[in-house]
Amino acid sequence: MNRVGHRRPAASFEPWSSVVVRGLLACLLLLASVALCACNAPTAAAPDDEIVLWHAYRGEERAALEAGVAAWGARHPQVRVRALAVPYDAFVDKVSLAVPKGNGPDVFIFGHDRLGDWAQRGLLEPLGFLADESVLDRHPRETVEALVYGDELYGLPLAFKCLALYYDKALVPAPPVTTDELEQVARALRSRNPSVWGIAWELESLYFHAPWLYGFGGAVYRDDADTLALDAPEAARSLAFVRAWRDDARIIPPEVTSALTTALFRRHELAFVVSGPWFRAELSGHDGWGVAPLPVVSATGQPARPFLGVEGLFLNRRSPQKRLAFDLMVALTGDEAARTRFTSGGQLVANQAIYEDAGVRADAFAQAFRAQAARTVPLSNRPHMRRIWTPVKDALSAAIVHGAEPAGALRKAVEEIARVDR
Amino acid sequence: MLATVVAVALGTFVFHRYAAERGDAIGRARAEQAARWLLTHGPAGVDDLRRSGTVRLAGVAFDAPPPGSRYPYLRRPIWLAHTEPGKVEAALSRDDPAEKAAADALVQDELVRLPDGGYRAAAGERLGGGERRAAFVELAPPPRVEVPWPGLAMAMLAALVFWWDLARREPASRSRPVVGALTVSVGVLGLLAPRLLAVDRLEVPASVGSADVTGTAMLLAGVVLAPLALVAGAGWRHGSRPSPHRVAYAYIGPALLGLGVLVLVPFLYGVALAFTRASHGEVVWVGLSNFVDILSSAGRSLTEPLSFYFTLVVTLLWTLANVVLHTGIGLGLALILKEPTLRFKGVYRVLLIIPWAVPSYITALVWKGMFNQQYGLVNHLLAGVGVAPVAWFSEFWTAFTANVVTNTWLGFPFMMVVSLGALQSIPSDLYEAASVDGASKWQQFRHITMPLLRPALVPAIILGSVWTFNMFNIIYLVSGGQPNHSTDILITQAYRFAFEQDRYGYAAAYSVLIFFILVIWSFFTQRFTRSEEA
Amino acid sequence: MARLDHAFKHVFLVVFSVATLFPALWVVKMAFRADQSFATSMNPLPTEFDLSNFAALFGDALFGRQLLNSLFVAALTTAVGVFLACTAAYAFSRFRFPGRRAGLMFLLVTQMFPGTLMTIPLYSLMEMLGLLDALLGLVLVYSTTAIPFCIYMLKGYFDTIPRELEESAIMDGAGPFTLFWRIILPLSRPAIAVTALFSFMTAWNEYILAATFMGDEQAYTLPVKVQSFVGDYTTEWGYFAAGALIVSVPVMALFFALQKHLVGGLTAGSVKG
C-alpha cells in the first residue's frame, strides 16, 4: 500500500500548502511576539495595600480563620486582605516556588517543622525587630520556642498539636496513669471479649512512636543536637516494649490503618487510641469517649512525651508590606481571634489566656491536651529532621511488625541517615 | 525570509531575557557588595559614601536584644549613622517614632528591587552575645541594555544579500538553506555579542547568578531550540519549488514546538539537578556522585530491597504484569463489546470505565482497605472458600499482588477504550468473508484481528508500559513499599528521596537513570513499530 | 445460536461489571454518608442516604465557577490536543520526510522522563511566559502532556486506513487538505473519540499543577477543590467521595456521548462506496 502512496505528484501541494505554511508561520510569529510583549510589559504591580494570606485550612478551622481576617480587614478599610486556601498536598511546593520568585503571599500558615528549611533558604523574615515581649507573652513559651531557628524567631504560634490518649468510657471507666495499668486493663478487656482490642496507633510512624521513645529515656538527637541518639539502648527498649504489646500481650491489632482505628473505636471494639486533636473530627456524632494525657512508662517512671507541633504564622521575606502584614499576624494570633478559632474552629490555640476562661476550664478535651502539651518534646525544625522519618519508619516497621531485632534495625537506620549526610 | 524573521525573533527574545536577568543580577550584586563594604567600614563608611555621592541612601545600625529581655531573639535597632540627616539616634525608647521608622527601614531593606529600577540591600553580621551590626545601601538603577534594532536590520539585510548571492551562484546546492540560516544567525549573534559582553562588563562578582538551575536550563533550551528552528525553517525553503517535506513539517510543527519547550526545559532542568545536592540551603555541584552512589547500590548487597538493581527487577516485573493484564482484559472486553447487535453494550461500556473515571486517590485506598488482614473483604471472601487470612502486606509476593490487582482494576478501562477504537479499524466484511470460508472464531482472531489490530494497539501498549514504569501513586498508596520497601519501584523510590527526604538531586539522578532504561527499552520496541510499518 | 452466545456474554458482562463496580461502591457509600471517616465496613452498599456532602459542595459559592474553569480547561485541552495531534499524526502516517523517525522517537522519549520533579521548571516557564494564574497556561501544559499519546494512537489508526481511498480522491482532483479533512478524519472517528476522551481526562483530573500555578480560588479547577479535603492528618472523606463522584460524572457523560463513534463498519462501508 505504501508504495502507491509515494507516487503522489508533488505539484498537487502547491496552491494549498503555501497558504497553510504561511498561516502557521503567522501563528508562530504571533506567539513569539506575544511572548515578547509578555516579557517586556511591566509586571502589573499589586496594589500597595493588599495583604495575601495562604493557608491549608478546611471547614470550620477555615471559617474561623477567615472571620479573624475579616475582622482585621474591617479595622483597616484601606487594605484589601485576601485569604487563599491551598490544598495541603500542593502547599509546600507552592510556597517554595512562589516566594523566591516574588509571587508569594505576605503571610502564610504551616507546621513549624518546615521552618528550618525555609529560613535557611531565606524565605522567611525574622521577627526580632517586629515583635515585642507583649506579643510573645500571649503564648505558651514552648510554642514560641518551636518557631525559633538558629537565634532568630521566624513566626507567631497559632495552634499546637500533639498526641494524647483517647479512651472509650464504656470500656474504661477512668484513664490509666501508667503503662502497666493500661496493659492490665486492655488484657482484661480482651480476655472478656476477644473482638475488643486494647490500644492502637500508627505503629510504623516515628511521630506516633515518639511518646514511647522519650518515655523510655531515648531521643532522636543527642543533647548537642548534632548526633543521632536513635541507636541508644533506650530507643531499642521502646521498640521492644511496643512489640511485646503487639505480639505477646496481643492488645494491639496486628494491621492498623487510621481508617480502621476510627471504625473500631466507634464500634466500641477498641479501648484506647493514641492520636491527636484531629481525631475528634473523626468521632463526630459519637459519644462516650474521653481524652487523657499519655501514661507514665512504668519501666522508667517517666511520662510518655509526644512531639509538639506548632502551626506558625510566617512572614514572607519579600513581602513589600512587612509592617502591615505583621500587624495582621499579631491580630490573628491575638486572644480575640484565638477565641473564635478555639470555639467555632475547634483549634487548640496557642494562647494561654483562652485556657483560663471559665468555659474552657470545664472543657475536658482542651484541658487534657493543654496538660499533655506541657509534657512534650518540640518537633525539631531543622532541615535534617526531614531525613530521619523514612529510615526510622523502616526500622519501626522491621522491628515492630516484621520481627527484626530492635537494636539492629535502629542501627541500620542510623547508618542509613549517616550515609545520606556524607 | 520567514526563517530569518523567526530566527531574529528567537534571538531577540533570548537576548531580552538574558539582558534583563543579567542586569537584575548585576544590580543586586552591586547593592549587596556595597552593603557588605559598609558593614566593615561602619559609620565612617557612611560619611565616605555621603561625600562620594555614589549611593542614594546608606545607613549603619547596631542591634541587640532589649536589656533584660526574656526572649533573646527579640531585637531592637540602634542607628549609628545614616546618610539622611535626622535619622541618627541612639538608645531610643521603643515608642519613639524615629526608632520605629529605623526599624521599618531595616525590616524592609532586604535586597529588593525598587519601583524605579534601583536596588536596596542590607547586610548583617553577628557580634556574639546575640548582638548584630547591620548596614543598608540604596543604589540608583543600572543602565538599561536595549536591543540594537537599526543595526539588527542592517545585519539581516547584509546576511540576506550574502545568502541570495550564494543561492544564485549555486542553485543546485543542497546545503544552501543551512548556509543561509547559519549566515543570518552568525550575523545576528555577531551583532548581539558586544551587547551581551557589555552587560557582563558591569563587574559581576563570581558568586552572583550561580545555582539558578532553571535559568540555565532555559538558556540551554534556547540555544538548542534556536538552531532547530533555523534548520526547520530552512527546510521550508528547500529548492526553488517548495519541497513536499515542508507540508509535513507544517503539520507536525506546532505540536513539536509546544512539546519541545514544555518537555525539553524540564528535562534539562532534571538532568542538571541530577549532578547537584542540596546542602545547608545551597545547591552544590557534586558531579557524578549521585549516580555512583545509586549504581553501586550504596553499600547494600545487590539483592537487598533498597538496592537499585533489586528495585529495577521489581519494576520490570510490575510493568510486565500490568501491561499483560491491562491489555488482556481490555482487549477481551473490547472484543465482546464491539459487537453492534449486543444489547446494552453502551451501558456496559460506561459502567466499565468507572475505575478510570473516579479519581484514583480514593479508590486506591478503598483497595488497600479491602486487603486488610483482619477487616478486609478479600480475606473475608477467601475465608468463605476456606483459605486462612493472608497478611497481604507482610510478604513480597502478596503485597506485589495487591498492587497489581489494584492497578489492573484502575488500568484496564483505558486499554478497553483504546482497543474498542482500534478494533473499528478492521473492516467487518473481512469477518463476514472469513465466516463464509468456515474460519473458526479463534482463527478469525488469530489471522484477522491480531494482525490488523497491531498498528493501532501497539503504540498504546508501548506508551502504557512507559506510564506503568513511572506510575508511583498506586504503589505509594496501596502497599506503600511494604514489606521493607521491597515492593517499591524505581519511581516510588525517587519520589521518596525527593519528597520525604528533600534529596532532589538524588531523586533527579534516579529519574535520569529511569529515563535511560526506558530509552533502551524503546529501542527494543522499535522493532514492533518498524515491522508494522513495512 | 447467536442468542445463546449473547446470553453467555450478558452473564459474563454482568458478573464482570458487578465485580468492577464493587470497590467503587464504597466511594458511593462514603459520599452519601453524613460522617467524614473512611468507610471500612465489609458491606459496600450504602446504608444511608444523606445528601449533606453534596449540599455542602454545591452550596459552596465558588463551586459553579470552579466547575466552569474545569470544563473550560478540559474542553480547550481536548480541542487543542486533538487538533494538533491529528495534523501531526497525519504527517507521520502519510509523509516520508527527513526527521520523521526522530520525531516519532522524540514523542516516545518525552513520556520517559518521570514527572516528579517537573513542577519547579514548569513553574518558571509559566512565569516567564506570563501564564501563571491563567487557565490558558494549564491548557498549554495539559495539551502537551496529552499530545504524544494522541499522536501515536492516531498515527497507528491512520496507518490502517487503506490508501486506495486517497488514491481515488486524488484522481478526482483533491488536494492533501481535502484528503485529510474529507477522508482521513471522518474515517478515524473511533480513534479521535479515544484521543478526545484521553485528552479530556488528562486535563480533567489534574490538581497539583493547577493548585501550584493558580493564585486565586476563583481560578481553581474542581479537582483542586476536591483534593483540598485531604489534610495533613485527616481527610474529610465524605466530601472527598462526593467530590470524586461529581468529578467522574462528566467523564462518563462524555464517554457515553463519544461512544456512538466507536461503532464498527465505517471503513468497510466507505471502501465499498
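A:Gly102 meets the conditions (1) more than 10 Å from chain C (Cβ to nearest Cβ); (2) at positive phi; (3) of a type in the set (Gly, Ala, Ser) in every case but one. The failed one is (1).
Flag not set for A:Tyr214, criterion: in contact (Cβ under 8 Å) with a residue 60 or more places away in the chain, closer than 30 Å to A:Glu125 by Cα and of a type outside the set (S, T, N, Q).
Tallying residues that are within 7 Å of another protein chain (Cβ to nearest Cβ) and without any contact (Cβ under 8 Å) to a residue 24 or more places away in the chain within the range B:358-378 yields 11.
Being under 19 Å from the mean Cα position of the chain (by Cα) and either surrounded by fewer than 20 Cβ atoms within 10 Å (Cβ to Cβ) or on the phi < 0 side of the Ramachandran plot (or both) is a property that A:Pro277 has. Working only within the range A:112-130, note down all residues that are under 22 Å from A:Gln321 (Cα atoms) and touching a residue at least 40 places away in the same chain (Cβ under 8 Å). A:Leu115, A:Trp118, A:Gln120, A:Gly122, A:Leu123, A:Leu124, A:Glu125, A:Leu127, A:Leu130 - these are the residues of the range A:112-130 that are under 22 Å from A:Gln321 (Cα atoms) and touching a residue at least 40 places away in the same chain (Cβ under 8 Å). Filtering A:Val330, A:Val401, A:Val377 for residues that are aliphatic (A, V, I, L, M) and more than 22 Å from A:Trp201 (Cα to Cα) leaves a single hit, A:Val330.
Mind listing whichever residues of the range B:361-385 are of a type in the set (Ser, Thr, Tyr) and either surrounded by fewer than 22 Cβ atoms within 10 Å (Cβ to Cβ) or modelled with pLDDT under 85 (or both)? Explain how you work it out, then say what you get.
First, pick out the residues of the range B:361-385 that are of a type in the set (Ser, Thr, Tyr): B:361, B:363, B:375.
Within the range B:361-385, B:Tyr361, B:Tyr375 qualify.
Would you be able to say whether some residue in the range A:168-179 is more than 14 Å from every other protein chain (Cβ to nearest Cβ), touching a His at 6+ places or on another chain (Cβ under 7 Å), surrounded by 20 or more Cβ atoms within 10 Å (Cβ to Cβ) and part of a strand (DSSP E or B)? Within the range A:168-179, one or more residues are more than 14 Å from every other protein chain (Cβ to nearest Cβ), touching a His at 6+ places or on another chain (Cβ under 7 Å), surrounded by 20 or more Cβ atoms within 10 Å (Cβ to Cβ) and part of a strand (DSSP E or B). In the range B:296-311, the qualifying residues are those that are assigned to a helix (DSSP H, G or I) and more than 19 Å from B:Trp467 (Cβ to Cβ), and the one that is farthest from the other protein chains (Cβ to nearest Cβ) is B:Tyr309. Taking the stated definitions as given, is B:Phe393 closer than 22 Å to B:Leu306 by Cβ and not in a helix (DSSP H, G or I)? Criteria met by B:Phe393.
Given the condition out of contact with any Lys or Arg (no Cβ under 8 Å at 6 or more places or on another chain) and among the basic types (Lys, Arg), answer yes or no: does some residue in the range A:371-381 qualify? Checking the range A:371-381: not a single residue is out of contact with any Lys or Arg (no Cβ under 8 Å at 6 or more places or on another chain) and among the basic types (Lys, Arg). Does the range A:356-368 contain any residue that is modelled with pLDDT of 90 or more, aromatic (Phe, Trp, Tyr) and buried (at least 19 other Cβ atoms within 10 Å of the Cβ)? Taking every residue of the range A:356-368 in turn, none turns out to be modelled with pLDDT of 90 or more, aromatic (Phe, Trp, Tyr) and buried (at least 19 other Cβ atoms within 10 Å of the Cβ). Per the listing A:Val392, A:Val401, the residue uniquely closer than 26 Å to A:Gln120 by Cβ and in the same structural domain as A:Asp231 (by TED's automatic domain parsing) is A:Val392.
Among the residues of the range A:201-230, which ones are aliphatic (A, V, I, L, M), part of a loop (DSSP other than H, G, I, E, B) and closer than 14 Å to A:Met385 by Cβ?
The answer is A:Ala219, A:Val220, A:Ala225, A:Ala229, A:Leu230.
Only a single criterion out of (1) of a type in the set (A, V, I, L, M, F, W, C); (2) within 13 Å of chain C (Cβ to nearest Cβ); (3) surrounded by fewer than 17 Cβ atoms within 10 Å (Cβ to Cβ) is not satisfied by B:Phe396, namely (2). Scanning the range B:500-518 for residues that are within 7 Å of another protein chain (Cβ to nearest Cβ) and either without any contact (Cβ under 8 Å) to a residue 12 or more places away in the chain or in a helix (DSSP H, G or I) (or both) turns up B:Glu500, B:Gln501, B:Tyr504, B:Ala507, B:Ala508, B:Ser511, B:Ile514, B:Phe515, B:Leu518. Just name the residue that is farthest from the other protein chains (Cβ to nearest Cβ) out of those in the range B:312-356 that are free of Cβ contacts under 8 Å to residues at least 40 places away in the same chain and within 23 Å of C:Trp204 (Cβ to Cβ). Checking each candidate, the answer is B:Val347.
The single condition among (1) farther than 24 Å from C:Gln111 by Cα; (2) touching a strand residue (DSSP E or B) at 6+ places or on another chain (Cβ under 8 Å) that B:Lys338 does not satisfy is (2).
Looking for whichever is over 22 Å from the mean Cα position of the chain (by Cα) and either farther than 30 Å from B:Tyr249 by Cβ or modelled with pLDDT under 85 (or both) here; the options are A:Gly102, A:Gly59. Which one fits? Before the answer, list the steps.
Working: A:Gly59 fails: over 22 Å from the mean Cα position of the chain (by Cα).
On inspection, the qualifying residue turns out to be A:Gly102.
Restricting the range B:456-499 to residues that are more than 10 Å from every other protein chain (Cβ to nearest Cβ) and over 23 Å from the mean Cα position of the chain (by Cα), which is surrounded by the most Cβ atoms within 10 Å (Cβ to Cβ)? The qualifying residue surrounded by the most Cβ atoms within 10 Å (Cβ to Cβ) is B:Thr487. Among the residues of the range B:450-483, the one identified as free of Cβ contacts under 8 Å to residues at least 24 places away in the same chain, within 13 Å of B:Asn403 (Cα to Cα) and either of a type in the set (Val, Ile, Thr) or part of a helix (DSSP H, G or I) (or both) is B:Tyr476.
Of the residues in the range A:344-356, none is assigned to a helix (DSSP H, G or I) and in contact with a Leu (Cβ under 8 Å, 6 or more places away or on another chain).
Out of the residues in the range C:161-195 meeting the condition of being among the hydroxyl-bearing types (Ser, Thr, Tyr) and surrounded by 23 or more Cβ atoms within 10 Å (Cβ to Cβ), tell me which one is modelled with the lowest pLDDT. Once the filter is applied, the top-ranked residue is C:Ser188.
Scanning the range A:180-200 for residues that are outside any helix (DSSP H, G or I) and exposed (fewer than 15 other Cβ atoms within 10 Å of the Cβ) turns up A:Asn193, A:Pro194, A:Ser195. Of the set (1) within 30 Å of A:Glu415 (Cβ to Cβ); (2) buried (at least 19 other Cβ atoms within 10 Å of the Cβ), all apply to A:Pro293 but (1). Taken over the range C:206-234, the residue count meeting the criterion of being crowded, with 24+ Cβ neighbours inside 10 Å, more than 9 Å from chain A (Cβ to nearest Cβ) and polar (S, T, N, Q) is 1.
The values are calculated or read from the model by the stated rules, or taken from the named source; none is laboratory data. What you see is a predicted model, and the numbers here were worked out from it, not measured in a lab. Every residue, glycine as well, gets a Cβ built from its backbone with ideal geometry; the counts of neighbours run over all protein chains shown.
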